Every structure is written in structure tokens, then in C-alpha cells.
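Heads up: the structure comes next, in C-alpha cells.
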Amino acid sequence: MKLAEKYKTILDKNKINTPLRLAHFWAQIEHESALMPRSENLKYSEVGLLKVFSKYFTPAEAKEFQRDSKRIANRVYANRMGNGDEASGEGFKFRGRGFIQITGKFNYTELSKDTKTDYVNNPDLLLNEADSMISALWFWTKNDLNKYADKDDVKGLTKRINGGYNGLDHRTELLKKYKKIFYV
């Protein structure tokens, strides 16, 4: 796999260096970003908002907010993860970006401190491949995700990365794919 070869040194440095750890890492970031640096679009339909973010929207609000990613992000990420209130705009500014979808002002601030790169004032840097990988590795290491990989715990890993089990079936399928790649 070309990306794994390209980043072998930095993966090793972050101790993502066993077949099981590599399989879990690549499965999770492929699910999160399709292995392309991206930002979360949040262009949910009315039905999607009520399914995924029902605690943040009444049916009338879901109709009003649908497909407006900026307003949706500012609502669902307000007063969470170090973000200010809905009017601050920080929900949208610090929406998920990168290979592993770093989300929230807290994570952007900590990533900036630890890497000495200002992602708080330049969040779109995470749309560059190298920065996207740096942020994914930072998140993985900061949250000690190798411990889940070592136990082959895709469910625990998914919960830690996603906050829930969104896409668990797809992540499990991808894990099988990467186990075949790395256990050659």
C-alpha cells in the first residue's frame, strides 16, 4: 500500500508498527476520510438531522437547518470540545478535518501546542496530506489507540474516534481488508 510505505517512518515513530496496529489504523482513517484529507461537510437533510442529531433539533428546526452545513456545525458543536456558543461560529470553524476528522477547538489547540503548528488560526492546513497525517497520528497517539488495536477491539476504537459506533460495520469490513494486506 503506497500511503503506508510513504509514511512508514512516522508510523514507526508513533508505534503503529505491527500488522494489527497498521490494519486498525488504516481501516479507521479510510472510514473517516476515504484516505483523502477532507473536511466534514455536515450537509444533512431534514431526515438525516433528526436521525443523527435529534437531540439538537426539533422537527421544525431540522427543516429550517437542512443542508446548511455552517449552521448545523455551529449548533451541534456549540459549547462542546472547547468551542464557544452557537453564535461564535467555532462549531463550523473547528469541524472535523483531516484523515481522522480532528474536531473541536480543544483538539485543534492541543494539536497546535504539541506540533508547534498553528492549526487554530489555520484549520484548513489539515486539508494538506502531510498535516492530515500528522493530525491523525497525533490523535491516535494522544488517545493511546494502539491499546485497542492490540486487543483487536474495532468497537472500542470506533467509540473512541467517533464518540459512538457510527459506521461500525464499514470499519469492520475495512479492518478485514487491511488485515489481508498487512498479514501477507
Scanning region 137-151 for residues that are loosely packed, with under 14 Cβ neighbours inside 10 Å and touching a residue at least 24 places away in the same chain (Cβ under 8 Å), the one farthest from SER112 (Cα to Cα) turns out to be ASP150
In this structure, is LYS105 loosely packed, with under 15 Cβ neighbours inside 10 Å and touching a helix residue (DSSP H, G or I) at 6+ places or on another chain (Cβ under 8 Å)?
-> no
Q: Confirm whether THR117 is of a type in the set (Val, Ile, Thr) and not in a helix (DSSP H, G or I).
A: yes
Looking across region 13-40 at residues that are of a type in the set (Asp, Glu) and not in a loop (DSSP other than H, G, I, E, B), the single one that is surrounded by the most Cβ atoms within 10 Å (Cβ to Cβ) is GLU32
Kindly establish whether ILE10 is of a type in the set (A, V, I, L, M) and crowded, with 20+ Cβ neighbours inside 10 Å.
-> no
Filtering region 80-101 for residues that are assigned to a loop (DSSP other than H, G, I, E, B) and within 8 Å of the chain's Cα centre (by Cα) leaves a count of 5
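No value in this document is a laboratory result; all are computed from the given coordinates. Keep in mind the model is a prediction, meaning the values are calculated, not measured. Note that we place each Cβ from the backbone using ideal geometry, even for glycine, and neighbour counts take in every protein chain shown.
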